[in-house]
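**Q** Sharing a structure here in structure tokens format.
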Amino acid sequence: MSEPDAWSEFRAEMNRRILERGNLGMKRFFALDTQCYAEGALPEFTKELMGLSASTVLRCDDCIAYHVRRCHELGMTEPQFWEAMHVGLVVGGSIVIPHLRRAVALWDGLQNNA
């Protein structure tokens, strides 16, 4: 199993365990997160790009990985990837460079497996 597959399985399993506990606040937050990225006045792809740039600024590797995967699934092109990462770098500054490196490694892996 590849590392991205293992990460996706881990994420799904932990989400399942969290949600099965029945904590209403957590269920509502997870639902809010899901609804936020649904098609609306902005296309789903645009929202995922926004999530990718914001996650880069916030330096959340799990979030960056999730949004890189979703954007890839939604047809993100190489130039779009680099522009989204550029926005994250400019807004977040040099402290995001280690996260940028990991995002690039994941993007390259997804492109090579496409």
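**Q** Between Phe10 and Ala114, what is the label-point separation in nm under the 7 Å Cα-to-beta-carbon projection?
**A** My value for the distance between the label points is 2.5 nm.
**Q** What is the projected area of the convex hull of the Cα atoms of the stretch 1-62, averaged over all directions, in nm²?
**A** 5.4
**Q** Here is a further query. Return the sequence-ordered ³J(HN,Hα) values of the stretch 19-26 in whole Hz as given by the Karplus equation 6.51 cos²θ - 1.76 cosθ + 1.60 applied to θ = phi - 60°, using x for Gly and Pro.
**A** 6, 6, 5, x, 6, 4, x, 5
**Q** Divide by every residue of the chain the summed helix terms, -39500 (n - 2.57) for each DSSP H run of at least 4, and state the resulting mean residue ellipticity at 222 nm, rounded to the nearest 500 deg cm²/dmol.
**A** Calculated at 222 nm, the ellipticity per residue is -26000 deg cm²/dmol.
**Q** In whole Å, what three semi-axes, largest first, describe the equivalent ellipsoid of the chain built from its Cα gyration tensor (square root of 5 times each eigenvalue)?
**A** Largest first, the chain gives 24, 17, 15 Å.
**Q** Please name whichever of Leu49, Met26, Trp107 sits farthest to the positive end of the charge dipole of the chain, dipole taken about the Cα centre and charges placed at Cβ: Lys and Arg +1, Asp and Glu -1.
**A** The residue sitting farthest along the positive end of the dipole is Met26.
**Q** Please list, by residue number, every one of the trypsin sites (Lys or Arg not before Pro) in the stretch 1-87 that is coil in DSSP and has at most 12 other beta-carbon atoms within 10 Å.
**A** Values: sites: Arg11, Arg16, Arg17, Arg21, Lys27, Arg28, Lys47, Arg59, Arg69, Arg70; in loops: Arg21, Arg59.
For trypsin sites (Lys or Arg not before Pro) across the stretch 1-87 that sit outside H, G, I, E and B with at most 12 neighbouring Cβ atoms in 10 Å, the list reads Arg21.
**Q** Given N residues in the stretch 48-97, what is Rg(Cα) / (2.2 N^0.38 Å)?
**A** After normalising by residue count via 2.2 N^0.38 Å, the value is 1.01.
**Q** How much length, in nm to one decimal, is gained on full extension between Asp61 and Ala31, taken as 0.36 nm per residue of separation minus their Cα-Cα distance?
**A** On the way: separation 30, 0.36 × 30 = 10.80 nm, distance 2.13 nm.
Between Asp61 and Ala31, full extension yields 8.7 nm more.
**Q** Okay, next question. Using mean Cβ contacts within 10 Å as the protection proxy, how do 48-55, 98-105, 75-82 order, highest first?
**A** Top of the packing list down: 48-55, 98-105, 75-82.
Just so you know, all these numbers are worked out from the coordinates, no wet-lab data involved. What you see is a predicted model; the values in this text were computed from it and never measured. We place every Cβ from the backbone using ideal geometry, glycine too, and count neighbours over all the protein chains shown.
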